[in-house]
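To start, the structure under review is shown below, and the notes come after it.
The values are calculated or read from the model by the stated rules, or taken from the named source; none is laboratory data. What you are looking at is a predicted structure, and each value in this text was computed from that prediction instead of being measured. Quick reminder, even Gly has a Cβ in these numbers, built from the backbone with ideal geometry, and neighbours come from all protein chains shown.
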2 protein chains.
Amino acid sequence: MQFDDKVPIYYQIKNHLYHEMMTGQLVPGEKLPAVRQLAVDLTVNVNTVQRALGEMITEGIITSQRGKGNFVTTETPRITQLKEHLIMEQLERAYEQLHALNLSDDEIIASLKQYIAQRGQQDD
Amino acid sequence: MQFDDKVPIYYQIKNHLYHEMMTGQLVPGEKLPAVRQLAVDLTVNVNTVQRALGEMITEGIITSQRGKGNFVTTETPRITQLKEHLIMEQLERAYEQLHALNLSDDEIIASLKQYIAQRGQQDD
DNA sequence: CCTAGTGTTATATTTTACTAGTACACCGTA
DNA sequence: TACGGTGTACTAGTAAAATATAACACTAGG
């Protein structure tokens, strides 16, 4: 995995795992890879993984069972709620940044459309 | 000024100054506040300000004149170019994050429109 | 020439993220 | 009971960001 050195790695790991839940690569009740395995996969230290997981446990997104593993919560509403929260967070940040660059609401929408159109031409 | 402890302060200062240029609070050729004054205004150390300015000088967005001050470049194309770059950066980041949350192109545009609409109802 | 205001540079210190290594606690199974 | 797989916790060390403080270099104006 590739990290942006502008933000803490543990924070990026959280988002990485969030995304796997959102896209169904990790379903409710499923067991996460072992912390040591995650550390290897992400080429990162166990403690850094643990810090990310620790926050997610506090948030109630995953549950921890000593000796068994970490599991995605079975309380699906929490996950739905998390997804909406993450989306809102992204929209808000992007909007405020673009607004600060002196773009009007319409211009923001237009530039996003244009960006997506351009992107579609090239790849992905 | 309020900082997000997830990203380096010097980096946020750069963006702060960028925004002031984009919104016309700082026009081409204008003198920036003195580094020591900026440090006070932003409740930050002089060296941290200097680090932000140093990068901006390297980028050619501002020019430095020892004994006189720092000035916004008069090469307006540079600023225009910077603005487009910053916009692109924001769009790209937001798009990739939302895409990673399993939203289609159309859903991304729709959610942004909805966000703006909701926002318009409340305040600002 | 002197001084106030400016940018620039340097050193030492503190804080935080991250790493490395180790040990402990718990579960399931043979 | 023993062992391998698991989460958890602790200590020590490194690197980068930010701070505090000070000194240096240049400009403009009396």
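For the reader, a short list of remarks on this structure follows.
- Scanning the range B:37-60 for any residue that is within 11 Å of B:Asn70 (Cα to Cα) and outside any helix (DSSP H, G or I) turns up nothing.
- In summary, A:Lys68 fulfils each of the numbered conditions (1) more than 24 Å from B:Leu98 (Cα to Cα); (2) surrounded by 15 or more Cβ atoms within 10 Å (Cβ to Cβ) with the single exception of condition (2).
- Test: residue in the range A:12-35 that is more than 23 Å from B:Leu98 (Cβ to Cβ) and either of a type in the set (S, T, N, Q) or touching a helix residue (DSSP H, G or I) at 6+ places or on another chain (Cβ under 6 Å) (or both): yes
- Yes/no for B:Leu82 being surrounded by 14 or more Cβ atoms within 10 Å (Cβ to Cβ), more than 19 Å from A:Asp105 (Cβ to Cβ) and out of contact with any Pro (no Cβ under 7 Å at 6 or more places or on another chain): yes
- Residues in the range A:31-54 that are surrounded by fewer than 15 Cβ atoms within 10 Å (Cβ to Cβ), of a type outside the set (A, V, I, L, M) and more than 10 Å from DNA strand D (Cβ to nearest atom): A:Asp41, A:Thr43.
- Among the residues of the range B:61-80, those identified as more than 10 Å from DNA strand C (Cβ to nearest atom) and either assigned to a strand (DSSP E or B) or in contact with a strand residue (DSSP E or B) (Cβ under 9 Å, 6 or more places away or on another chain) (or both) are B:Ile61, B:Val72, B:Thr73, B:Thr74, B:Ile79.
- The number of residues in the range A:64-77 being out of contact with any Asp or Glu (no Cβ under 7 Å at 6 or more places or on another chain) and within 16 Å of A:Glu20 (Cα to Cα) comes to 4.
- Comparison of B:Lys6, B:Lys14 shows that the only residue that is surrounded by 14 or more Cβ atoms within 10 Å (Cβ to Cβ) and either within 12 Å of DNA strand D (Cβ to nearest atom) or hydroxyl-bearing (Ser, Thr, Tyr) (or both) is B:Lys14.
- Residue tally, condition within 14 Å of chain A (Cβ to nearest Cβ) and closer than 21 Å to B:Tyr10 by Cα, over the range B:62-87: 6
- All positions within the range B:18-28 that are surrounded by 12 or more Cβ atoms within 10 Å (Cβ to Cβ) and either away from chain A (no Cβ under 12 Å) or assigned to a loop (DSSP other than H, G, I, E, B) (or both): B:Thr23, B:Leu26, B:Val27, B:Pro28
- Pairs linking a residue in the range B:6-17 that is under 15 Å from B:Gln90 (Cβ atoms) to a residue that is in a helix (DSSP H, G or I) and modelled with pLDDT of 95 or more, with Cβ atoms under 6 Å and 6 or more positions apart or on different chains, are B:Lys14/B:Ala52.
- Matching residues in the range A:88-108 - criterion: being facing another protein chain (nearest Cβ under 7 Å) and surrounded by fewer than 16 Cβ atoms within 10 Å (Cβ to Cβ): A:Asn102
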